[in-house]
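Written below as structure tokens is the structure these notes are about.
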Number of protein chains: 2
Amino acid sequence: MSTTTSTSTTPTTSATVAAPVVPTTGALTPLGLDEVRITDGFWADRQRVNGTATLPHVEHWLEREGWLRNFDLAAAGTLPEGRRGREFADSEVYKYLEAVAWELGRLGGDDALESRFRAIVDRVAAAQEADGYLNTRFGRPGQGERWSDLEWGHELYCLGHLFQAAVARERTSPGSDDGLLGIATRAADRICEVFGTDGIQSVCGHAEVEVGLAELSRVTGEPRYLELASLFVERRGTGVLQDIEWGRAYFQDDVPIREAEALRGHAVRANYLAAGATDIAVEHGDDGLLDALRGQWDRTIARRTYLTGGQGSHHQDEAFGEDFELPSDRAYSETCAGIASIMFSWRLLLEDRDVRYADHIERILYNVVATSPSAAGTAFFYANTLHQRTPGESSPDDEVSPRASSSERAPWFDVSCCPPNVARTLASLAAFVATSDDHGVQIHQFASATIDTVIGGEQGGRFRAELVTDYPRSGVVTVRIVEAPSGPVAVSLRVPSWADDAVVAVRPVDGASVDRAVAPGYADVERSFVPGDVVELRFSVRPRVTLPDPRVDAIRGSVAIERGPEVYCVESVDLPGGDEAIARIEVAEGVVPVEDADGRLSIELRARSLVDSTWPYGDTFVAAAADETFTASIAPYHSWAERGPSTMRVWIPITRA
Amino acid sequence: MSTTTSTSTTPTTSATVAAPVVPTTGALTPLGLDEVRITDGFWADRQRVNGTATLPHVEHWLEREGWLRNFDLAAAGTLPEGRRGREFADSEVYKYLEAVAWELGRLGGDDALESRFRAIVDRVAAAQEADGYLNTRFGRPGQGERWSDLEWGHELYCLGHLFQAAVARERTSPGSDDGLLGIATRAADRICEVFGTDGIQSVCGHAEVEVGLAELSRVTGEPRYLELASLFVERRGTGVLQDIEWGRAYFQDDVPIREAEALRGHAVRANYLAAGATDIAVEHGDDGLLDALRGQWDRTIARRTYLTGGQGSHHQDEAFGEDFELPSDRAYSETCAGIASIMFSWRLLLEDRDVRYADHIERILYNVVATSPSAAGTAFFYANTLHQRTPGESSPDDEVSPRASSSERAPWFDVSCCPPNVARTLASLAAFVATSDDHGVQIHQFASATIDTVIGGEQGGRFRAELVTDYPRSGVVTVRIVEAPSGPVAVSLRVPSWADDAVVAVRPVDGASVDRAVAPGYADVERSFVPGDVVELRFSVRPRVTLPDPRVDAIRGSVAIERGPEVYCVESVDLPGGDEAIARIEVAEGVVPVEDADGRLSIELRARSLVDSTWPYGDTFVAAAADETFTASIAPYHSWAERGPSTMRVWIPITRA
């Protein structure tokens, strides 16, 4: 069996861009996985692990837990007996298909993987009913009726992921005969009937179908899909779902999206909804909706986001807290919420070309997406706390973890949304590196990579470049032009918000080099490039000491260390006092970390000696003995919990006089 | 119908003490509701509201929600159709019966209330099955089988509350012909069969039956009940229940009780279990178990308790957090957990005569038990946050609140454990005021009250005294002796831990007054008293500024104000800036509150002017304008949220230079 994935050297047109989000309009045009390839470094390593370890791991567990077999049982007509997994188990299969589709696109084809992909599509196809309905949990004798539990049933949510998988496949393997796109459109046609203007006037408790429908509409050109997505977005917030213990804010059914001031409720739901609404607003040219979404993004980032870019401070309902309610030790910061926030932010970036969206995406990538999987790619954090108080328990390699917020990475969860979500994100990561517009290309994320695209539309020409960087180890990013259209072309490089000493240098093949100081934002270099010309961006990634807004109560009087895009942490395995010392460490005001020749950071800390009082409140707390002072290694947050159970904190209390 | 409650002026013997906990041994002997009567002041007011408003309110809602009618349906054999309420709804009826039993004891009888009590007992009796089994949720066709869901079914939990109700009735109305004690013993006999040595080797997911069985054993003299309670206590912690998402610590099935270091998991379950285990340890003279429980109490108070005495920092599982994980804004501090902690602490106090237990009970009474009910007694906090960030929604007077952690008091909840728990606690409150031993009486809680008991056993004699105090307004407590046995008698008065200037004065009818400085603990005055002698305890209740242990991260750099036993708070309705200002207020280091002639406190605060940054982390946060400084009223925490939706905080950030 051979792959139909495009391996031609001619870049695709925007209609078939091999990328997750392809709006018909916007400030920036995405580049596909065949246009940008990550070749080396931090993210190339993670993409390799994702492809060689995580994808087989996910498929193994989908099979082992019976979530794939649910489709076989549906086809055999024997359900509900033997059905395994939660109500949304189908969606994990679809997210895995999406991940494999991107991976095939990234690799430019792989016969064995293609064969595995098709085998699963066949099993899914066999489970689809004659009228297009597809779900292993509802609709059969002994199961709930179709659409009978919109609050919790996740039927539309599952279809949203099916649509995204079909979109990924069509964009990376246009016209493939595997049948996935047909499965998706038949299901989409079905729900257009059921939930259209004259249909059920409600929505799914978990947003996701909106983004799936919008993207499916883009791929197929079918306007009904976009219109149904729009109906879902506009209905929500009017109390169409039943009230629940946590309130209708949980599924964003409390306030219409045009009136909401911030993301709220379940953090994944909130971001998926916002991403889908952005797609609709862009396609409709709906400035009012776009402005509402921009405002919600602003307030959510300014008041409801952790330093890591993670979102969600309530374990109970996996939800946003109130403004500035960001406790480190109860940070939920679900991996999927981080990914969902990337989805929302990326759409706004394509529309607006505002660097803040790209800055936020980088923050999430390094501190949430890179944190979730283990170095080996076979265990995952579901929640990403910023303060681990007790070492917790190791999750055995071969057991499903019942606990989303376990303190160690686990191979699989009862609710296992995060592993395939990480897999699809890493497989498609090259699509987030760069974009183009009529004037040139924009580099949003730094990685050693190749770019090979066409700019300026039909009157334009081919643009090829090589990016080389060891970022985040250093802040030097080199863009070497391999081919460029004649005439002026703009190469724009993101200067991160914290880069206060950035310089962009142009080193032409012919002519003198020019260095220019540049402020955070996009540094544009516009000229007639010839092959061999180099644009270099340089900025310091020296460690920074970061303070919290005084309204973030939970980390008052503390500082965090950041270096480049990476948030750092203190882990007990690096402390003389071990686990218990995490509760007693402090850093003197003004102390900064020291970097050694290998780029490792250490910092001078003191461990307070505290009297073990019988009551933790009083008029004074005195030391039992002299405090210890020592120098401790600190490490990027994404690398924590790789050395056995440990305690950890991102925010370090300041010793005051 | 007349009451059989003892209204004689002869105190009962210890075998029939009209009090919630009557161990057969211990340092202190409890006094019954006929021996101590609260006559005036802070708690008398609350007892009156409890009797006249809360009890009718609870009965109204039990009827309205159909939880009482469940028993009628069971008797009619028509269940499960029409059954209302959660799986533990029966227990709310039993807690209400317990509350009424204490109220009848407190009042010395009340024909109308007695009649209502008996009517409910009759309905419960009719629902009991021939073999003694009693539960409206299990065991019938169409329901789960008996004991088929020990993790969540609450069958034994409900019986525990039935037993406590029967105990309360028998102690306040010995030998009553209402039949409640018989219902209880038949059910207890049944579970002795089912769960005994040769029976089901498991426990109930929610501890409570242990304390009920132990007390029922004390009332009936039946040793099998105590032994079953002991089996339940010893089995738990060995993994007899299924694992769940939150881990077996949720129902304390993670570690055997003798090996545990602190209370953990669901805070009500943890404290009920500890209370039951204390009963067993006391009756068995089991010093090992008692030491384990004392150690757990110590660590829980030192590291897992809010300033208010409240316990539980996780909303998700209504559970304790890790040591020092005590976020103000996510304080769950369930009302029932406070009451359960009183139950545990009171048992240790009776055994050990250690003042710390009484101090902690006072802290809970003023800051949790008094906080939960509205001034009118008809709406309740289920959770008791220490920091309300947004005004939240009012709970309508006539709707069940689906939200345990609603920001306003609500008349009733889907899970409505707290209202009847408050009711039984307030009705029986006099039993926690004083105790006796062979040498005299001990005053643990301060209230205007009468004491009328016999001390020194059969060789002793009658002791009568009048307590007069306007505590907590002042710290002056006067004990006037009305009658005392001949020979030396010790009157011991608790000196609270924070009372650093206490003086005890003896003002004999004959002879000179003597003043003596006394330290926190019990101040003993031993002498041959004659009628008219007065013992007076005086200490200052001036406002105190309280700091947190540095390990309580969430309130670092903040202070709280306490005055006597009351924790104070800043509420937005007292601030010029209103709701939003709560996030910006600070207090300068060293500032102390000022008390006016009416005892009201005010304090100088400043409201920071903060730039609304786009990202809440950075190298500096500068003011938008000059800060405002103003003087604001502060009020006891228990009185907050009585003036409409508001924001509030107990801990106030300190302005540092």
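The table that follows gives values for the structure above.
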{"read-out": "By average C-beta atoms within 10 angstrom, highest first, the peptides A:106-113, B:504-511, B:418-425", "value": "B:418-425, A:106-113, B:504-511"}
{"read-out": "Per-residue mean of C-beta atoms belonging to partner chains within 10 Å, peptide B:631-638", "value": "0"}
{"read-out": "Unit charges on C-beta of K, R, D, E only; dipole of the stretch B:26-96, Debye", "value": "140"}
{"read-out": "Virtual spin-label span in nm between residue A:414 and residue B:129, 7 Å along Cα→Cβ", "value": "2.8"}
{"read-out": "Relative contact order computed over the stretch A:439-488 (Cα-Cα under 8 Å; 6+ residues apart), in percent", "value": "32"}
{"read-out": "Residue-averaged [θ]222 nm for chain A, counting only DSSP H segments that reach four residues, each worth -39500 (n - 2.57)", "value": "-9500 deg cm²/dmol"}
{"read-out": "Charge tally in the Cβ shell below 12 Å around residue B:113, where Lys, Arg are +1 and Asp, Glu are -1, residue B:113 excluded", "value": "-2"}
{"read-out": "Relative contact order, percent, the stretch A:543-653 [alpha-carbon distance under 8 Å, six or more residues apart]", "value": "35"}
{"read-out": "Packing rank of A:564-571, B:333-340, where each peptide gets the mean count of other beta carbons within 10 Å, highest leading", "value": "B:333-340, A:564-571"}
{"read-out": "Backbone N under 20 Å from the residue A:397 label point (7 Å along Cα→Cβ), restricted to the stretch A:21-49", "value": "A:49"}
{"read-out": "Note, ³J(HN,Hα) from phi for the stretch B:510-526, Karplus 6.51, -1.76, 1.60, rounded to Hz, x at Gly and Pro", "value": "10, x, 7, 5, 10, 9, 8, 5, 10, 8, x, x, 9, 8, 9, 10, 10"}
{"read-out": "DSSP-defined antiparallel bridges as percent of all bridges, chain A, nearest 5", "value": "90"}
{"read-out": "For residue B:522, distant residues with modelled amide H under 5 Å away", "value": "B:495"}
{"read-out": "Sequence-separation-based contact order of chain B, relative, with Cα cut under 8 Å and 6+ spacing, percent", "value": "13"}
{"read-out": "For the stretch A:108-121, 3J(HN,Hα) per residue [Karplus equation, 6.51 cos²θ - 1.76 cosθ + 1.60, θ = phi - 60°, Hz, x = Gly/Pro]", "value": "x, x, 6, 4, 5, 5, 4, 5, 5, 4, 5, 4, 6, 4"}
{"read-out": "Unit charges on C-beta of K, R, D, E only; dipole of the stretch B:29-432, Debye", "value": "540"}
{"read-out": "Neighbourhood net charge (14 Å Cβ-Cβ; Lys/Arg +1, Asp/Glu -1) for residue A:353", "value": "-3"}
{"read-out": "R0 of 45 Å, Cβ-Cβ distance residue A:234-residue A:81: FRET efficiency to nearest 0.05", "value": "0.70"}
{"read-out": "Inter-chain Cβ neighbour average for residues A:649-656, partner chain, 10 Å", "value": "2"}
{"read-out": "Backbone HN-Hα couplings from phi across the stretch A:410-427 [Karplus 6.51/-1.76/1.60, Hz, Gly and Pro as x]", "value": "10, x, 6, 10, 3, 9, 10, 5, 6, x, x, 5, 4, 4, 5, 5, 5, 5"}
{"read-out": "Alpha carbon centroid spacing (whole Å) that separates the stretch B:246-290 from the stretch B:26-90", "value": "26"}
{"read-out": "Dmax and Rg, reported as Rg then Dmax, of chain B (C-alpha, Å)", "value": "24.9, 78"}
{"read-out": "Pseudo-label separations to other copies for residue A:142 - Cα-to-Cβ vector, 7 Å, nm", "value": "2.3"}
{"read-out": "Förster-model FRET efficiency, 25 Å R0, residue A:625 and residue A:594, C-beta, rounded to 0.05", "value": "0.40"}
{"read-out": "Distance between the stretch A:478-501 and the stretch A:385-432 - C-alpha centres, whole angstrom", "value": "36"}
{"read-out": "Shielding by partners, peptide B:323-335 (average Cβ within 10 angstrom, other chains)", "value": "4"}
{"read-out": "Sequence of B:642, B:362 once ranked by neighbouring C-beta atoms within 10 Å, starting from the fewest", "value": "B:642, B:362"}
{"read-out": "About the Cα centre, charge dipole magnitude for the protein assembly as shown (Lys/Arg +1, Asp/Glu -1 at Cβ), debye", "value": "780"}
{"read-out": "Cβ-based charge dipole, the stretch B:173-306, positive-most Cα from B:306, B:214, B:203", "value": "B:306"}
{"read-out": "Hydrodynamic radius of the stretch A:434-538 per Kirkwood, over alpha carbon pairs, in Å", "value": "13.6"}
{"read-out": "Summed residue charge, Cβ within 14 Å of residue A:533's Cβ, Lys/Arg positive, Asp/Glu negative", "value": "-1"}
{"read-out": "10 Å-binned pair-distance histogram of the stretch B:556-644 (Cα, whole percent)", "value": "14, 45, 29, 11, 1"}
{"read-out": "Alpha carbon centroid spacing (whole Å) that separates the stretch A:205-235 from the stretch B:594-632", "value": "47"}
{"read-out": "Cα gyration tensor shape of the stretch B:493-554, rounded if a/c is under 1.5, else prolate or oblate by comparing a/b with b/c", "value": "prolate"}
{"read-out": "20 Å binning of all Cα-Cα separations within the protein assembly as shown, expressed as whole percents from 0 upward", "value": "10, 36, 34, 16, 4, 0"}
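No value in this document is a laboratory result; all are computed from the given coordinates. Remember, it's a predicted structure, so these values are computed and weren't measured experimentally. Don't worry about glycine lacking a Cβ; one is built from the backbone with ideal geometry, like all the others, and counts go over all protein chains shown.
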